[in-house]
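The values are calculated or read from the model by the stated rules, or taken from the named source; none is laboratory data. Note that the coordinates shown come from a computational prediction; the quantities given were computed from them, not determined experimentally. Using ideal geometry, Cβ is built from the backbone for each residue, glycine included, and neighbour counts are taken over all protein chains shown. Ligands, DNA and RNA are excluded from the accessible area calculation, which covers all protein heavy atoms including side chains. Shrake-Rupley method; radii C 1.70, N 1.55, O 1.52, S 1.80 Å.
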Amino acid sequence: MSPTQIVVIVIVVLVVAALAVAGWTLARRRSLRSRFGPEYDRTVAEQDSRTAAERELRERERRHAELTLTPLDPESRARYAAAWEELQVRFVDSPAETVGDADELVTRLIAERGYPTGDFSDQLAHLSVEHARTLSHYRDAHEIHLRNSRGEAGTEDLRQAVVHYRALFADLLGADPVGHRPPEQRQPDPTEESDRPDTPHDVTSR
C-alpha cells in the first residue's frame, strides 16, 4: 500500500469519526431540547457556552435519576384537588394570605411526589427534568410571593401568582384541580358603594 493510499484512508477514517461524533452530539442536543423545552434555552442563556449548558442539563438528569418519585394515589389526588379549590375560594376575601397558602400547598405536593424542597434553585433543577414546561410559572409565582411578603404585590399580581402556582400544581397532580376557572376577585357591593359615595373603587375590581 502506497503512502498516498495510507493518507487517504486515514483522512477518510477521521472524516467518518468526525461525522459520527457530530451526529451523536446533535442527537443528544435534540434529546435535551425535547426533554427540557424552554428550560434548555434559558440554561444556554445563563451559562458561558452551549456545551456548559448541556453539561448542566445532563447533570440534572443524573441527579433526577437518583430520586425516588412517588405517583399520587386517587385518594391523595382528590385531597389535593379539594384543597386547591378551597384555596381559590378563599382568594376572594384574603388574596395576600392565599398566595402564601398556595406556596405552602404546592411545596407539600412537591415533597409528597418525592422532590427535595430545600433550596429553591435546587428544587427548580430537580423539577426541570419532568416539569420544565410549567417551571416558568413556578418562578413567576415564587417571585410574586416574595414581593407579597414585602408588601409590594397588588391584587392583580396576587391573582396571577395563584394562576401560576396552579400550572405547576396541575402538572404535578396530573389534572387541573378546578378546570379552567381562575381565582375570582372580590367585587364591591353596589349597596355599600351607594351608602359611601366618596369611597374609591375597590382595587380588586380594576
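For this structure, a couple of remarks:
- Only residues that are more than 15 Å from His164 (Cβ to Cβ), part of a helix (DSSP H, G or I) and in contact (Cβ under 8 Å) with a residue 24 or more places away in the chain were counted in segment 109-121, giving 2.
- Only one of the numbered conditions (1) hydrophobic (A, V, I, L, M, F, W, C); (2) more than 18 Å from Arg166 (Cβ to Cβ); (3) touching a helix residue (DSSP H, G or I) at 6+ places or on another chain (Cβ under 8 Å); (4) in a helix (DSSP H, G or I) is violated by Leu67, and that is (4).
- Condition broken by Glu192, with the remaining ones in (1) part of a helix (DSSP H, G or I); (2) closer than 15 Å to Gln88 by Cα; (3) modelled with pLDDT under 95 satisfied: (2)
- Members of segment 51-79 found to be over 18 Å from Asp122 (Cβ atoms) and either open to solvent by 90 Å² or more (accessible area, probe 1.4 Å) or at pLDDT 95 or above (or both), listed by number: Pro71, Pro74, Glu75, Arg79
- Scope segment 122-180; condition open to solvent by 40 Å² or more (accessible area, probe 1.4 Å), assigned to a helix (DSSP H, G or I) and under 14 Å from Leu109 (Cα atoms); matching residues: Asp171
- Restricting attention to segment 141-152, the residues that are more than 21 Å from Gly174 (Cα to Cα) and in contact with a His (Cβ under 8 Å, 6 or more places away or on another chain) add up to 1.
- Members of segment 89-121 found to be of a type in the set (A, V, I, L, M, F, W, C), crowded, with 19+ Cβ neighbours inside 10 Å and over 13 Å from Leu168 (Cβ atoms), listed by number: Phe91, Val99
- Within segment 70-95, the residues that satisfy the criterion of being charged (D, E, K, R), in a helix (DSSP H, G or I) and in contact (Cβ under 8 Å) with a residue 24 or more places away in the chain are Arg77, Glu85.
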